[in-house]
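Asker: Dropping a structure here in structure tokens format, bear with me for questions.
Quick note: the coordinates plus some simple rules give every number you see, no bench work behind them. The model shown is predicted, which means the values in this text are computed figures rather than measured ones. Cβ atoms come from the backbone with ideal geometry, glycine included; neighbour counts cover every protein chain shown.
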Amino acid sequence: MAQYVKNEEFAEWRCDKCNCELELKKVVVSYLEGSFPVDLPVCKKCGQVFIPESLAIHKMLEIEQQMEDK
Amino acid sequence: MDQQKLRLLESYCIQEEAPACIAACPMHMDVRLLLRQLRDHDMDGAFKTYRKSIPFPSILSRICEEPCQKKCRLSEIGEGISIRALESFLFSRSNSSALPTMLPQKNKKVAFLGSGLDALAAAYDLRRKGYITKIYEPASSAGGFLKNVSETILPSQIIDDTCSLLIKMGIELNLSQHTTGSSALQIIDSGKFKIQDDEFICVYISGNLEINRIDQITRMTETSGIFGGTAAPESWIEQAADGRRAAISMDRYIQNVSMTASRSDEGSYETRLFTSLTSVPPSHTFIRNSQTIPDEDTAIQEAARCIQCTCMECAKGCEFIRHYEAYPRVYLRQVYNNVSICTGLRQKNNMINSCSVCGQCESVCPNKLNFHDVIRETRQTMVETKKMPPSAFDFALRDMIFSNSDAFMVAKSPEGHKVCSFVFFPGCQLSASNPAAVEKVYALLLEKFSDSTGLLLRCCGIIADWAGEKEKFQQARNELLQEVESLGNPELIVGCPGCMQTFRNFYPALKIRSLWTILDQMDIHSKQHETIQTFAIHDPCGARYQPEVQDAVRSLAKKIGIQLEELPLNRDQTSCCTYGGNAWNANRSLSDAAVDALAAENPHDYLTYCAMCRDFFLKRGKNAYHILDLFFDPERIISGKAMPRPDYSMRHENRSRLKKHLLKKYWSEEMNASAPYEKIKLFISEEVRSVLEERMILVEDLQQVLYQTLETGNRMVNAQTGHYLTHATPGHVTYWIEYLPKNDGYQIFTAYSHRMFIEEAN
Ligand code: SF4
Ligand code: SF4
Ligand code: SF4
Ligand SMILES: [Zn+2]
């Protein structure tokens, strides 16, 4: 299972709704015809996901582009 | 595109045809490569190139008639390259006694009667193919007529050395065979031949013999298995080529395969390669005496005169063609393969989506290869088969949806009229770039042209066509046609050259007229101003094949005091700013490079008449004006101050505001209430704004996300900064926003997006 987010990248963030810390958990992401699990920081209580900026603009973009060419 | 169409289109692109010199050489020596190698000081490489096609370098570098020089394109404007002298230079510094590579010996025998240059060349080729090769020569030395060449040009020692080389290769050279004229040849029943006590599968008879019926393609005589005779006793290089031609036939004869198949490129021919000489200065040969061997410096100088003939006309103005480092013939096949592939990566998707579909290549191509329609059709196929990458044109298509929504769309006759005879159609991007000019033009049209001029605000639909979205284009087209009909089928006064072209190509029934022709005829600035400034004029790709538009803009410019310089490719051959084809959306780095290259063509500020061209130049730091920027604001001509370039969000805002103003001013109408999210007030610094622009995130995207999430309360908070982070997916894209409430709105710190869908637990 791919893990793209380091602990220090979300250490400062908490879920505002639940006032609760985040932890890495398996989340399914999908695009076009593919889906796969990744470890992402989520709220321990409500499961709200956190995607850091660097993940979105680099790795996710790269994977999106690869999947678009399949 | 099927295989057949692919082949046909490929045949239009003649870039792979041989240059004139190689086509003229009967042996098709790769002159262009040899000269490049020599120019680059690669002497060994150059000699290898020579050796590869030429059997006897020592002989032919002295006596070849060099038909290549006569056909060299440089001879049309000066003198052709002295190729033979360079060959003799290369030969002089080579190891001449090296044996060529040879295939293992076959148990098959071929014989040669006589040893003229043609026979020696054929024997050399067949021996290299592994045949047991025997030569029977009546005279006491080999070479036939070669021995008549004067000793100063071809010393007999050279012929002797060549014979030694042939013997070293394993060729049996029988001299003084007085009994072996052609009469000594016995034909055995089984299709074999007997000479003395040896049996052969086929035989070659050397020289200009009286063999009337020799097939000119195969060089076989009426008798199967007997080949020979040269057709060109007056040309040494053609004699050698005849020998080679016969050797190919003899090999095929022995292997029992077709002797006539695919031989059209043998021997001298006229090439189809096009090479422009327009910017080539005339030059003259450095080789003063063709009978002495030039020194190294002279040889290199001479080789460097070669212009390395090639077509590549289409690459001159097109960054796309340059970027992928080939030419349309190659691209056609890549496009074809990319679409036909069933599984695996479609590596050319991005390439296909990076073309501006602007038609420049067709206009400059000597064979008028229409590449842009192949790209259009390919994109349509990709959309139909659901293989179009969603990110490629999404942003551009959303812009069209915006233009054709209530936020911008207007179709109205002037107040008090049900129908109108004219309607002003400024186009979506002029309205986005310079809404004030659109207002002024409309006022002017009402005042000076016809007070029954209506207003039609929307997109012509070309964005969908460029994206391969046939259905979306048809829908946009039908809507537009209905609106025109509801206005009583007025004539359209069009303010965008791209829209003009779209109407011409896809709306043949519409009556259209260009705004510039009308402005030019109105004589607003009737007094010819003194020329006060020089600009370079850039014709938008939409103006291609519209000379009356091109002329009208030039005339207008002159009237407002502008002197124009032309770009190297202009009018029908003009280059696209990459707005065309939505290429800027699919490949932003290529788009930037294309604009930079275009901007560098002339040091003056650019004058254009397409809003997007202007904004693309401004984005890359090139000062540029739309003709209307100057027409209504001649101060700018002197101040040299370009209009500010609106960012993507501003382009939306400008259009909506324009609609609002015009509705109020001319129809006393209020625009429909905007969506509730638009009331959310945002504070965005310049710096963040440019990040949003780079990431193609609009202010209204942020408003939508905040509107959705403020209600649910879903957000993260940063313990250090106190910033909130929220996200939502209003359409196909998920946006993340880092923000803080500020006064009556929100301050934005950053925003980013992705298209991947996150399956969240809630
Ligand atoms: S202009 Fe381009 S497409 Fe046309 S023949 Fe030359 S290389 Fe090929
Ligand atoms: S310029 Fe060079 S490539 Fe062109 S015809 Fe002459 S030798 Fe050949
Ligand atoms: S961008 Fe224009 S000139 Fe370049 S390949 Fe595409 S249609 Fe041809
Ligand atoms: Zn929570």
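Asker: For B:ILE512, enumerate residues with amide H under 5 Å from its amide H, sequence gap 5+ or separate chain, H modeled in the peptide plane.
Answerer: When sequence neighbours closer than 5 places are left aside, the close amide H contacts are B:LEU492.
Asker: What is the magnitude of the charge dipole of segment B:444-588 about its Cα centre, with +1 placed on the Cβ of each Lys and Arg, -1 on the Cβ of each Asp and Glu, and no other charges, expressed in debye to the nearest 20?
Answerer: Details: 15 positive and 18 negative charges, 39 e Å.
Dipole of segment B:444-588, to the nearest 20 debye: 180 debye.
Asker: Separate question: To the nearest 0.05, what FRET efficiency results for B:GLN301 and B:GLU16 with a Förster distance of 22 Å applied to their C-beta separation?
Answerer: Efficiency, from the Cβ-Cβ distance: 0.15.
Asker: While we're looking at this one, here's another question. Let me check the size of chain B from its C-alpha atoms; what are the radius of gyration and Dmax in Å?
Answerer: My reading of the Cα-based Rg and Dmax gives 36.4, 116 Å.
Asker: Cut-off under 18 Å on the C-alpha distance; same-chain residues fewer than 8 positions from B:LYS418 excluded. Which aspartates and glutamates are left, in chain and number order?
Answerer: Filter leaves B:ASP451, B:GLU483, B:GLU485, B:GLU491, B:GLU669.
Asker: Straight-line reach from A:LYS25: which aspartates and glutamates have Cα under 13 Å away, leaving out those fewer than 8 places along the same chain?
Answerer: The qualifying aspartates and glutamates are A:ASP39, B:GLU759, B:GLU760.
Asker: Give me B:SER235, B:SER262 sorted ascending by neighbouring Cβ count inside 10 Å, so fewest comes first.
Answerer: Going from sparsest to densest Cβ surroundings: B:SER262, B:SER235.
Asker: Right, here's the next one. For an R0 of 30 angstrom, estimate the FRET efficiency from the Cβ-Cβ distance between B:SER258 and B:GLU384 and round to the nearest 0.05.
Answerer: Values: r = 42 Å, r/R0 = 1.42.
So the FRET efficiency works out to roughly 0.10.
Asker: Taking the Cβ-Cβ separation of B:GLU530 and B:GLU447 as r and a Förster radius of 35 Å, what is the calculated FRET efficiency to the nearest 0.05?
Answerer: With R0 = 35 Å, the Cβ-Cβ based efficiency is 0.80.
Asker: For each pair in B:LYS5/B:LYS348; B:LYS559/B:LYS641; B:LYS147/B:LYS192, compute the distance between the two Cα atoms and list the pairs where it is over 23 Å.
Answerer: Beyond 23 Å between Cα atoms: B:LYS147/B:LYS192.
Asker: Taking other Cβ within 10 Å of each residue's Cβ, how do B:ILE195, B:ILE83 sort, fewest first?
Answerer: Working: B:ILE195 21, B:ILE83 26.
The order, fewest Cβ neighbours first, is B:ILE195, B:ILE83.
Asker: Continuing with this model, one more query. Could you tell me which of B:GLY640, B:LEU564, B:GLN550 has its Cα farthest along the dipole of segment B:528-645 towards the positive end, charges placed at Cβ (Lys, Arg +1; Asp, Glu -1), taken about the Cα centre?
Answerer: Working it through, the farthest residue towards the positive pole turns out to be B:GLY640.
Asker: May I pose another question? Pairs B:LYS108/B:LYS168; B:LYS448/B:LYS659; A:LYS17/B:LYS679; A:LYS45/B:LYS681; B:LYS472/B:LYS622: which exceed 29 Å Cα-Cα?
Answerer: A:LYS45/B:LYS681; B:LYS472/B:LYS622
Asker: Relative contact order for segment B:444-510: what is it in percent, counting Cα pairs under 8 Å that are at least 6 residues apart? Write out the running numbers ahead of the final one.
Answerer: Details: 30 pairs, mean separation 16.7, N = 67.
Relative CO of segment B:444-510 lands at 25 percent.
Asker: Let me ask you something else. Simple spin-label model, 7 Å along Cα-to-Cβ: B:ARG513 to B:ALA436 in nm?
Answerer: Calculated label separation equals 2.8 nm.
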